[in-house]
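The structure appears right after this line, and notes come after that.
The values are calculated or read from the model by the stated rules, or taken from the named source; none is laboratory data. Keep in mind the model is a prediction, meaning the values are calculated, not measured. FYI the Cβ positions are ideal-geometry reconstructions off the backbone, even for glycines, and counts take in every protein chain you see.
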Amino acid sequence: MTLATPTMLLPVPVATLYGIEHPFVRMWVAAAAGALIVLVASKLICKKSPAASQIGLDRALLWAASIAYVVSWFLPVIEDGWTLDEGVPGWQALRVVLSPLWEHREFLDRPGFSLACIATGLTNLLMIAVLGHLLIPRLSSANGWKHWVALAAAINASWVGFDWRDQDFRIGYYLWLLSFLLLAIAVWTRGVRTGQKGADGVGRYSRSGGENSSALASP
């Protein structure tokens, strides 16, 4: 798939959100938009930036994701509550989205919504695990996390579709979502770069290996 294909598709989810009445359908559309943003941004970085600068860039993205994530916990996330004048802070919002785990009545009343809330809350564990893994130089491999961080970014972006009409979300939510998008872009950039290196290495080996490569391939 070329870069032009996902880039051309990006306006489609945004335009679709205006015409959809059902909030859960809008969530799926917004989730697709989040995944597309990750794909397009990571491809653009790998296509436009020199390989040497990509290493520093994806590390900068990881630190930016870390800062945005930490700050978002203390900013208003949604217009409700009384802890902050502007709304519920991030740390309190986490308790709200995970409440179906101990409020069984709430889970039974709205199982689909409750599962979406729980999945959203659990993405925080993924964020901490991936940042801890990738910010340690000895454990900097990103390939094992690619699809998980893309899924987390999509899940968290889905709430844009849910709130599309009411516009109740505040800066804390958008900063928190940004942290997941930055993390996913950084991980996918590393993954694409690693894949390109592997493909180049295989190509050079197969072209120059000659008889040695044939000998190695034989039992």
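Filtering the stretch 62-78 to residues that are crowded, with 21+ Cβ neighbours inside 10 Å and without any contact (Cβ under 8 Å) to a residue 24 or more places away in the chain leaves nothing. Determine whether the stretch 63-73 contains at least one residue that is hydrophobic (A, V, I, L, M, F, W, C), more than 17 Å from G121 (Cβ to Cβ) and not in a helix (DSSP H, G or I). No: the stretch 63-73 contains no residue that is hydrophobic (A, V, I, L, M, F, W, C), more than 17 Å from G121 (Cβ to Cβ) and not in a helix (DSSP H, G or I). The condition (being part of a helix (DSSP H, G or I) and either closer than 23 Å to W148 by Cβ or modelled with pLDDT of 85 or more (or both)) is satisfied by just one residue among A60, A52: A60.
Does G172 count as part of a helix (DSSP H, G or I), touching a residue at least 60 places away in the same chain (Cβ under 8 Å), in contact with a helix residue (DSSP H, G or I) (Cβ under 6 Å, 6 or more places away or on another chain) and under 19 Å from V70 (Cβ atoms)? For G172, the condition - part of a helix (DSSP H, G or I), touching a residue at least 60 places away in the same chain (Cβ under 8 Å), in contact with a helix residue (DSSP H, G or I) (Cβ under 6 Å, 6 or more places away or on another chain) and under 19 Å from V70 (Cβ atoms) - is met. When W145 is tested against (1) touching a residue at least 40 places away in the same chain (Cβ under 8 Å); (2) of a type outside the set (V, I, T); (3) surrounded by fewer than 23 Cβ atoms within 10 Å (Cβ to Cβ); (4) closer than 20 Å to W28 by Cβ, only condition (4) is not met.
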